[in-house]
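One structure is given here, and the rest of the page talks about it.
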Amino acid sequence: MIVMNIFTILYEIERKDNISLLIIIFLLIGIYGVIFIKEQNNIHYVFAGIVFLAIISFMVKHFICNKKENDILFILLSLQSLLFIITLSNLDNDIFFLEVFYIITFAVFYIVLHFTNNKQKNKIKIDKYIYYYKYIERDEN
């Protein structure tokens with residue numbers, strides 16, 4: 001898990017988005033707290049809250065930044081918001097499967113965001129090359 005966290009942080013650094021990086025760091029701290037502190041300890045629930053809030057914050061932040069690009073981000077954020085509300089209203093019950101679905105939804109969002117951002121970067125590179133070649137073509141004529 002430590003190796004995955006290192007690569008996640010490096011990936012966020014590569015994206016040059018300090019807010020996103022900070023949210024991911026809080027998420028990772030929260031995950032370690034949830035893993036290593038027993039449920040009987042109230043601090044466990046503080047870390048669980050950090051995880052839930054970090055996930056929803058990350059999704060809201062990136063939806064706002066990419067809302068024109070991808071409708072699936074909106075659908076996933078809406079689903080995540082609904083799961084967040086359902087989870088909060090069922091804290092006295094067993095919420096394990098809600099948590100699992102919450103994590104899966106976040107994972108899908110993260111993957112879609114990755115491919116959306118790469119697609120945008122590639123489009124920008126292609127547009128620059130097209131402009132460059134048109135510019136060279138005009139100079140040669």
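Would it be correct to say that Tyr11 is surrounded by 11 or more Cβ atoms within 10 Å (Cβ to Cβ), among the hydroxyl-bearing types (Ser, Thr, Tyr) and modelled with pLDDT of 95 or more? Give the derivation first.
On the way: surrounded by 11 or more Cβ atoms within 10 Å (Cβ to Cβ): yes; among the hydroxyl-bearing types (Ser, Thr, Tyr): yes; modelled with pLDDT of 95 or more: no.
Judged against the criteria, Tyr11 is not a match.
For region 59-73, which residues satisfy the criterion of being in a helix (DSSP H, G or I) and either out of contact with any helix residue (DSSP H, G or I) (no Cβ under 7 Å at 6 or more places or on another chain) or more than 16 Å from Phe115 (Cβ to Cβ) (or both)? Lay out the reasoning, then the answer.
As a first pass, look at region 59-73 and keep what is in a helix (DSSP H, G or I): 59-66, 71-73.
Result: Val60, Lys61, Ile64, Cys65, Asp71.
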Tell me, which residue of region 7-20 that is assigned to a helix (DSSP H, G or I) and under 16 Å from Val60 (Cβ atoms) is farthest from the chain's Cα centre (by Cα)?
Ile19
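Which residues, counting only those in region 76-103, are part of a helix (DSSP H, G or I), of a type in the set (A, V, I, L, M, F, W, C) and either within 13 Å of the chain's Cα centre (by Cα) or exposed (fewer than 14 other Cβ atoms within 10 Å of the Cβ) (or both)? Reasoning before the result, please.
We begin by selecting, within region 76-103, every residue part of a helix (DSSP H, G or I); these are 76-89, 96-103.
Filter once more, keeping what is of a type in the set (A, V, I, L, M, F, W, C): 76-77, 79, 82-86, 88, 96-98, 100-101, 103.
Scanning region 76-103 gives Leu76, Leu77, Leu82, Ile85, Ile86, Leu88, Phe96, Phe97, Val100, Ile103.
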Count - residues of region 33-52 that are surrounded by 15 or more Cβ atoms within 10 Å (Cβ to Cβ) and either acidic (Asp, Glu) or touching a residue at least 12 places away in the same chain (Cβ under 8 Å) (or both):
7
Are there any pairs, at least 6 apart or on different chains, whose C-beta atoms fall under 9 Å, with the first in region 64-77 and of a type in the set (D, E, K, R) and the second crowded, with 19+ Cβ neighbours inside 10 Å and modelled with pLDDT of 85 or more, and if so, which?
Lys67/Leu73
Over region 86-130, the set of residues at pLDDT below 55 and either more than 30 Å from Arg15 (Cα to Cα) or of a type in the set (Ser, Thr, Tyr) (or both) is Tyr129
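A quick yes/no check of all residues on (1) in contact with a Phe, Trp or Tyr (Cβ under 8 Å, 6 or more places away or on another chain); (2) among the hydrophobic types (A, V, I, L, M, F, W, C):
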position	(1), (2)
Ile2	no, yes
Ile25	no, yes
Leu28	no, yes
Phe36	no, yes
Asn41	no, no
Tyr45	no, no
Ile50	yes, yes
Gln80	yes, no
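Take the conditions under 21 Å from Ser20 (Cα atoms), modelled with pLDDT of 80 or more and assigned to a helix (DSSP H, G or I) and apply them to Tyr45. Does it pass? Walk me through it before giving the result.
On the way: under 21 Å from Ser20 (Cα atoms): no; modelled with pLDDT of 80 or more: yes; assigned to a helix (DSSP H, G or I): yes.
In short, no.
The values are calculated or read from the model by the stated rules, or taken from the named source; none is laboratory data. Just so you know, these numbers come straight off a predicted model, no measurement behind them. We place every Cβ from the backbone using ideal geometry, glycine too, and count neighbours over all the protein chains shown.
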